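The values are calculated or read from the model by the stated rules, or taken from the named source; none is laboratory data. Remember, it's a predicted structure, so these values are computed and weren't measured experimentally. Please note: Cβ atoms are built from the backbone with ideal geometry, for glycine as well, and neighbour counts cover all protein chains shown. Side chains included, ligands, DNA and RNA excluded: accessible areas come from the protein's heavy atoms. Shrake-Rupley method; radii C 1.70, N 1.55, O 1.52, S 1.80 Å.
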Amino acid sequence: MFDDNKVIAAIATAQAAGGVGMIRVSGDDAMEICDKVFTAASGNKLVSSKGYRAHFGRVHDPDGDIDDCVALVFKAPHSYTGENVVELSCHGGLYVLKRALRAVLSAGASPARAGEFTERAFLNGKMDLTQAEAVMDLIGAQGKQAADAALTALDGTLSRKIDENTQKLVNICAHLSAWVDYPDEEIEELETDEMLSTIDEVENALEKLISTYDSGKVLTQGVKTAIVGRPNVGKSTLMNMLVGSQRSIVTSYAGTTRDVVEDTVTLGGISLHLSDTAGIRKSEDPIEAIGVDIAKDRLRKSEFVIAVFDGSEELAKEDMEVLEFCKDKLCLGVINKTDLDTKNIKDVISEYIETLVEISAEKLDGKDELEKAVEKLLETDRIDTSAAMLTGERQYLSTVEALNCVKEAKNALEYGLTLDAVNVSLDCAIEKLLELTGKKASEAVVNEIFSQFCVGK
Ligand code: GDP
């Protein structure tokens, strides 16, 4: 089926030294190939294994033994890929694993492309495209909610929701086609009201799914976050507190953060892609002015703003500019330097920013409050990770297109257009939904999705 079902192999564990490392081998002749490089202590061959058993032995090449090894045998179709699979687990040294992989390749396997194991699982009907994407989301998950949501999708919750609605549209289409194409047969005409009610159900379901994308995106892709504030309020110190290392240079001179410093931190299970900016003041210094321009750009593109104020000083004109900036943004106000004598700046800030936390970035004080405030503002504490959710742009766009076609079909029905016109729009909706689950996805789409995987998965 795949290049004469060639056997593919790759290191499936991380490319770093670890306690255990695993080479995955998949394809018809996986056992035969592994028998050339693996000798079980029992003397039994993997080809004669009943499967679902661990065989202890040694992996070797023509130069000699490489390492102790446990070979796990899975038989088609009950394996990850749906093919015969052998997983060779050795000690997780990179040299050992690479040498063992070379031995497997010399014995007749081909190197697996990125995502090729999961692609085979998809092509063998072990999972649909949304589940394959869930595998990727699960690998990339940074927190409990992201992992829970990915697992829900991997279980097929999203696929079932899509299938259920596709089926409803297919039923109408099948009936309409039969009725239009075979006028002589006594096929009962579908009542417009009945069709409209089913189409309404699908429309509502798709709208509900689309409304989950904001949460799904936050969970899987994180949030572009700008840390803003006038110079010297403690932006870099805050960034360092969040990142947990001295990334930004901290000095007591205004304007030290000349460039935009970027990093990703996980707060409340959500990835925040932070940019610590050079502030938004005007600068005579040309280098700093570039920093200021970049900062403004980051601020424009950010989805979430953390505005920092110095609690030990009265609000300055530049602070008021920051507050104006924040007005229409999803913004968290941070009053910093609570370890010093503080001024009462809270009341004025509250007029512009609803959620405020008080911290001392230097004393690493207030991180928990900050985390809770972020969760509350991004509403991640309220995401239902057990429900069907759209997580990727591809899923979102296909669902939006399907919804548009459903709306067209509804309009056609309501305006009394021909049933042919209704049928065409419903067909288009079905097509988009089948693309979403991959039942009718083009090769280009499938290739694009799996190329984003890592090798070995
Ligand atoms: P930025 O210009 O906004 O990035 O400010 P920095 O992070 O560079 O901090 C400016 C100065 O304020 C440095 O001397 C920091 O050590 C100091 N600073 C930052 N946070 C705190 C804090 O929580 N308490 C005190 N006392 N000083 C702080």
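Can you list residue pairs whose Cβ atoms sit under 7 Å apart, with the first residue in segment 423-451 being modelled with pLDDT of 85 or more and the second being among the basic types (Lys, Arg)? Count only pairs 6 or more apart in sequence or on different chains.
Short answer, once both residue conditions are applied: Glu431/Lys440; Leu434/Lys440.
For segment 338-362, give me each residue that is within 15 Å of the ligand (Cβ to nearest atom) and either in contact with a Lys or Arg (Cβ under 9 Å, 6 or more places away or on another chain) or part of a strand (DSSP E or B) (or both).
Thr338, Asp339, Val357, Glu358, Ile359, Ser360, Ala361, Glu362, listed by residue number.
Given the conditions (1) in contact with a Ser or Thr (Cβ under 6 Å, 6 or more places away or on another chain); (2) within 16 Å of the ligand (Cβ to nearest atom); (3) at pLDDT 65 or above; (4) open to solvent by 50 Å² or more (accessible area, probe 1.4 Å), report the number of the one that Gly244 does not fulfil.
(1)
Return the residue satisfying two criteria in turn: it lies in segment 63-86 and is more than 33 Å from the chain's Cα centre (by Cα) and touching a residue at least 12 places away in the same chain (Cβ under 8 Å), and of such residues it is nearest to Ala121 (Cα to Cα).
Cys69
If we keep just the residues of segment 298-337 that are without any contact (Cβ under 8 Å) to a residue 60 or more places away in the chain and of a type in the set (A, V, I, L, M), which is farthest from the ligand (Cβ to nearest atom)?
My answer is Leu330.
In the set Leu97, Leu129, Leu123, which member is of a type in the set (A, V, I, L, M) and open to solvent by 50 Å² or more (accessible area, probe 1.4 Å)?
Of the residues listed, the single one that is of a type in the set (A, V, I, L, M) and open to solvent by 50 Å² or more (accessible area, probe 1.4 Å) is Leu123.
Checking Asp214 against (1) modelled with pLDDT of 75 or more; (2) within 12 Å of the ligand (Cβ to nearest atom); (3) outside any loop (DSSP other than H, G, I, E, B), which test does it fail?
For Asp214, the failing item is (2).
Please state which one of Glu83, Glu116 is at pLDDT below 95 and touching a strand residue (DSSP E or B) at 6+ places or on another chain (Cβ under 7 Å).
Checking each option against the conditions leaves just Glu116.
Filtering segment 251-267 down to residues that are modelled with pLDDT under 80 and either open to solvent by less than 70 Å² (accessible area, probe 1.4 Å) or touching a Cys at 6+ places or on another chain (Cβ under 8 Å) (or both), which residue is farthest from the ligand (Cβ to nearest atom)?
Checking each candidate, the answer is Val260.
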